Amino acid sequence: MSRIGKTPVQIPKDVKVSITKDKVLLEGPKGKLELVLPSGISVESKESQLLVSRAVDTKQDRANHGTIRSRLENMIVGVTKGHKKELEIQGLGFCVQAQGNKLVFGLGFSHPINFEVPKELKVSTPTQTMIVLEGVDNILVGQTAAQIRSLKPVEPYKGKGIRYVGEFVRRKQGKSVTK
């Protein structure tokens, strides 16, 4: 039995759960989320808890057991509190501006880069070098943050580029002068 999968997921009072044969629908104060269950995995609700179980003990079902439980827990956090990712831009002249649900980057290229943010996410730029992504779906927030980061990954010599707030980038020394 999966150690992660066998622990129940607590359901807060303000979250409504509806379970069908192959779907789980969660609705909370921040929004709605739906999870399609893979075959072999079932979810049941007992006493304000969600219990995830598997029918067969195959390798794939064991892997799905803990994954589905973690996804359900992340979904409950998303519909109650929401998920948030913060990115920062470092580099001389690098900046970003939010225009609706579009981000316009100046990253040292010959042209500005326009990035379309999914409509399910809320994006804000408190400063010209800071991006805050907020949303209900943990996977969508993380994927969008990774796509933004891939526009200009941090280079190891000067540390210029887009990084997560608090991310440590290992710096390289560069050329050394010898006599």
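The values are calculated or read from the model by the stated rules, or taken from the named source; none is laboratory data. Keep in mind it's a predicted model, so treat the numbers as computed, not measured. Glycine also receives a Cβ, built like all others from the backbone with ideal geometry; neighbour counts cover every protein chain displayed. Heavy atoms of the whole protein, side chains included, go into the accessibility calculation; ligands, DNA and RNA do not. Shrake-Rupley method; radii C 1.70, N 1.55, O 1.52, S 1.80 Å.
Mind checking which residues of the stretch 40-60 are surrounded by 15 or more Cβ atoms within 10 Å (Cβ to Cβ) and outside any strand (DSSP E or B)?
Within the stretch 40-60, 40 is the sole residue that qualifies.
For the stretch 89-122, enumerate the residues that are among the aromatic types (Phe, Trp, Tyr) and either assigned to a strand (DSSP E or B) or exposed (fewer than 11 other Cβ atoms within 10 Å of the Cβ) (or both). Reasoning before the result, please.
Going through the stretch 89-122, the residues among the aromatic types (Phe, Trp, Tyr) turn out to be 94, 105, 109, 115.
Matches in the stretch 89-122: 105, 109, 115.
Is at least one residue of the stretch 123-132 of a type outside the set (A, V, I, L, M, F, W, C) and surrounded by 15 or more Cβ atoms within 10 Å (Cβ to Cβ)?
If we filter the stretch 123-132 for residues that are of a type outside the set (A, V, I, L, M, F, W, C), which is where we start, we get 124-129.
Remaining after also requiring surrounded by 15 or more Cβ atoms within 10 Å (Cβ to Cβ): 125, 129.
Looking for residues that are of a type outside the set (A, V, I, L, M, F, W, C) and surrounded by 15 or more Cβ atoms within 10 Å (Cβ to Cβ), one finds at least one in the stretch 123-132, hence yes.
Restricting attention to the stretch 160-176, and to residues there that are at positive phi and open to solvent by less than 60 Å² (accessible area, probe 1.4 Å), which single residue is nearest to the chain's Cα centre (by Cα)?
Looking only at the stretch 160-176, we keep the residues that are at positive phi, and these are 161, 166, 174.
In the following step, the residues that additionally are open to solvent by less than 60 Å² (accessible area, probe 1.4 Å) were identified as 161, 174.
Details: 161: 20, 174: 34 Å.
Among those residues, the one meeting the criterion is 161.
Those residues that are among the small types (Gly, Ala, Ser), assigned to a loop (DSSP other than H, G, I, E, B) and surrounded by fewer than 17 Cβ atoms within 10 Å (Cβ to Cβ), I need them from the stretch 1-39; list them, please.
Filtering the stretch 1-39 down to residues among the small types (Gly, Ala, Ser) leaves 2, 5, 18, 28, 31, 39.
Right, trim to assigned to a loop (DSSP other than H, G, I, E, B) and you get 2, 28, 31, 39.
Matches in the stretch 1-39: 31, 39.
Just give me the residues in the stretch 141-150 being open to solvent by 50 Å² or more (accessible area, probe 1.4 Å) and either among the aliphatic types (A, V, I, L, M) or within 9 Å of the chain's Cα centre (by Cα) (or both), in sequence order. Quick ask: steps written out before the conclusion?
First, the residues of the stretch 141-150 that are open to solvent by 50 Å² or more (accessible area, probe 1.4 Å): 143, 147, 149-150.
Matches in the stretch 141-150: 143 only.
Somewhere in the stretch 145-165, is a residue closer than 23 Å to residue 26 by Cβ and in contact (Cβ under 8 Å) with a residue 40 or more places away in the chain?
The first filter runs over the stretch 145-165 and keeps only residues closer than 23 Å to residue 26 by Cβ, leaving 145.
Next cut, in contact (Cβ under 8 Å) with a residue 40 or more places away in the chain only: 145.
Within the stretch 145-165, one or more residues are closer than 23 Å to residue 26 by Cβ and in contact (Cβ under 8 Å) with a residue 40 or more places away in the chain.
Does residue 157 satisfy being hydroxyl-bearing (Ser, Thr, Tyr), closer than 26 Å to residue 70 by Cα and open to solvent by 60 Å² or more (accessible area, probe 1.4 Å)?
Numbers: hydroxyl-bearing (Ser, Thr, Tyr): yes; closer than 26 Å to residue 70 by Cα: no; open to solvent by 60 Å² or more (accessible area, probe 1.4 Å): yes.
So residue 157 does not fit the description; no.
Provide a single number: the residues in the stretch 1-49 that are under 23 Å from the mean Cα position of the chain (by Cα) and on the phi > 0 side of the Ramachandran plot.
1
Cβ-Cβ below 9 Å, separation at least six or inter-chain, first residue in the stretch 123-138 and over 9 Å from residue 88 (Cα atoms), second assigned to a loop (DSSP other than H, G, I, E, B) and of a type in the set (Lys, Arg): which pairs?
Listed by first residue and then by second, the contacts come to 135/30; 136/30.
Within the bounds of the stretch 65-84, is there any residue that is farther than 22 Å from residue 136 by Cβ and crowded, with 19+ Cβ neighbours inside 10 Å?
Checked the stretch 65-84: at least one residue is farther than 22 Å from residue 136 by Cβ and crowded, with 19+ Cβ neighbours inside 10 Å.
Out of 68, 89, 41, 76, which single residue is over 20 Å from residue 3 (Cβ atoms) and not polar (S, T, N, Q)? Working first, answer last.
Values: 68 fails: over 20 Å from residue 3 (Cβ atoms); 41 fails: over 20 Å from residue 3 (Cβ atoms); 76 fails: over 20 Å from residue 3 (Cβ atoms).
On inspection, the qualifying residue turns out to be 89.
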